[in-house]
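The values are calculated or read from the model by the stated rules, or taken from the named source; none is laboratory data. Note that this is a predicted model, so its numbers are computed, not measured. Ideal geometry is used to build each Cβ from the backbone, glycine not excepted, and the neighbour counts take in all protein chains shown.
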Amino acid sequence: MNLRLGTRRSTLATTQSQMVADACTERTGRTVELVGVTTFGDVTKAHLAQLGGTGVFVSALRDKLVEGEIDFAVHSLKDLPTKQDPRFTLAALPERHDHRDALVGPHKFADLPPGARVGTGSPRRVAMLSALRPDLEYVPIRGNADTRIGKIAAGELDAVVLATAGLTRLGRSGEIAQIFEVEELLPAPGQGALAVECLAGRTDLVELLGVLDDPRTRSAVTAERAVLSALEAGCAAPVGAFAADDGHTLNLTAVVVSVDGREAVRKSAAGSPSEAAQLGRLLAAEMIAEGADRLMGEQSH
Ligand SMILES: NCc1[nH]cc(CCC(=O)O)c1CC(=O)O
């Protein structure tokens, strides 16, 4: 019997889901059918920061898992709330794509003239880019990559900032003017990684889908998300984190930035990949001791 894979209907989401479906068929021999699901995040026009950013793209897919209308779902990991929901399990975290953020538009970031308009819906991107170029105008935008990039041609914006992974999956990496290095712009925790989720009780599926899991991706994003969770920050908070697992050591860096980009608490730590969650929690505790929660607190009201 076909496996039913639930996916948001955006081009990026269906492209990502089809990639997972193809890998699943290739490795298990099972046929996978994509089932489109509309989520609240897809239909609301509100800015993510107003929505809190967490779960608006996820809950409708999870409802379909519970109702048995789909067997598993593919999310962008960075859209998945860090709060554990015991009904579900991450059966696989496939090998991560590029984790970095990209600038789309005719100019490199340093060449944008003062006052140039840069479109992004992410408080994290605004805070970190403001630290580099406080003289630019950061414009909140919503919608899919096509809509956002279209605003440049329409003359509404001079540039937009999007995830490299999303652009690459959409076949639009040719439009990237610059990829920001993590030293300039630390990515969202889990950015570039996909999450293959099913009901925790479906042990048959957990085992079958486990063939798609990449252990180094899992340890890295586990540490990144542990930082986010320990800071009690949502997906829309100005928190960046990136970890790399070379097979022996997990190297983690995280930052909390004030909205205006003027203050930041940035720290790094290294540890065993098998203790990724603890590494993230310990680093978050050190960051809070250095005032990260004060910066976080400023966001909350
Ligand atoms: N809801 C936004 C979102 N969620 C995941 C991605 C990119 C793909 C990824 O991180 O895997 C994006 C778009 C963006 O940040 O440009």
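Select, from ASP85, ASP135, the only residue that is away from the ligand (no atom under 11 Å from the Cβ) and over 22 Å from VAL221 (Cα atoms).
Within the list ASP85, ASP135, the selection yields ASP135.
For the structure I just gave you, tell me whether SER122 is within 14 Å of the ligand (Cβ to nearest atom), more than 30 Å from LEU205 (Cβ to Cβ) and within 17 Å of the chain's Cα centre (by Cα).
So SER122 passes the test.
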Check your understanding: Cβ-Cβ below 9 Å, separation at least six or inter-chain, first residue in segment 284-295 and more than 17 Å from ALA243 (Cα to Cα) and buried (at least 18 other Cβ atoms within 10 Å of the Cβ), second modelled with pLDDT under 95 and of a type in the set (Ser, Thr, Tyr): which pairs?
Key -> LEU295/SER258
Study note, to complete from the structure: Of the residues in segment 122-155, those that are touching a strand residue (DSSP E or B) at 6+ places or on another chain (Cβ under 9 Å) and more than 16 Å from GLY261 (Cβ to Cβ) number 6
Practice item. State whether one or more residues within segment 137-145 are touching a Gly at 6+ places or on another chain (Cβ under 8 Å) and within 26 Å of GLU33 (Cα to Cα). Key: yes
Review point. Which strands (runs of 3 or more DSSP E) does segment 87-188 wholly contain that include 3 or more residues that are of a type outside the set (Lys, Arg) and in contact (Cβ under 8 Å) with a residue 24 or more places away in the chain?
Key: 88-92, 101-104, 159-163, 176-179
Check your understanding: Could you say whether any residue in segment 117-136 is modelled with pLDDT under 95, hydroxyl-bearing (Ser, Thr, Tyr) and either under 27 Å from THR38 (Cβ atoms) or not assigned by TED's automatic domain parsing to the domain that holds THR14 (or both)?
Key -> yes
Point to revise | segment 9-30, subset crowded, with 19+ Cβ neighbours inside 10 Å and of a type outside the set (Gly, Ala, Ser), residue farthest from the ligand (Cβ to nearest atom) | key: CYS24
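Is it fair to say LEU231 is surrounded by 23 or more Cβ atoms within 10 Å (Cβ to Cβ), among the aliphatic types (A, V, I, L, M), away from the ligand (no atom under 11 Å from the Cβ) and closer than 30 Å to GLY247 by Cα?
yes
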Study note, to complete from the structure: Restricted to segment 144-172 and to residues being exposed (fewer than 15 other Cβ atoms within 10 Å of the Cβ) and either outside the structural domain of ARG124 (by TED's automatic domain parsing) or not aliphatic (A, V, I, L, M) (or both), the residue farthest from the ligand (Cβ to nearest atom) is GLY155
